[in-house]
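Shown next, in structure tokens, is the structure this report addresses.
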């Protein structure tokens, strides 16, 4: 039996975790889109038709997902839309977070060395609010290891 998806962000340091989507309580999580963001630099070459492309080795992989929250009433949806972005814990100093992803097949993954999630409201209709989240991370593991 499928249990759905659940995403929990654990901030480094002493911050409290925050759930950013849980199918089990009625949120609708739109999967996740991992992508690699290579750090490239373009340099013009004198007399050449094209510039040189130099790829640096500090890639920044990211993971983006959307959550459709049904808040039950228009007032609750409005309040959530206005306050939710500020509820994401700030990472203290050089601390990094972890994003825990519980998949619908029961397997759990951890995105280690996460940035604070970028939060964007992409839709707001009646009692439904859709937020998009993006984190940059260092590696994917199957064990929880917060620093």
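Some observations on this one:
- Flag for residue 68 being assigned to a strand (DSSP E or B) and modelled with pLDDT of 85 or more: yes
- Hey, residue 100 at pLDDT 90 or above, closer than 18 Å to residue 26 by Cα and surrounded by 15 or more Cβ atoms within 10 Å (Cβ to Cβ) or not: no
- Against the numbered list (1) under 20 Å from residue 127 (Cα atoms); (2) outside any strand (DSSP E or B); (3) without any contact (Cβ under 8 Å) to a residue 24 or more places away in the chain, residue 85 comes up short only at (3).
- Total residues in region 13-27, condition under 23 Å from residue 93 (Cα atoms), assigned to a loop (DSSP other than H, G, I, E, B) and under 19 Å from the mean Cα position of the chain (by Cα): 4
- Options 134, 141; residue that is exposed (fewer than 15 other Cβ atoms within 10 Å of the Cβ) and either out of contact with any strand residue (DSSP E or B) (no Cβ under 7 Å at 6 or more places or on another chain) or farther than 19 Å from residue 4 by Cβ (or both): 141
The values are calculated or read from the model by the stated rules, or taken from the named source; none is laboratory data. On a predicted model such as this, the values are computed, not experimentally measured, just so you know. Please note: Cβ atoms are built from the backbone with ideal geometry, for glycine as well, and neighbour counts cover all protein chains shown.
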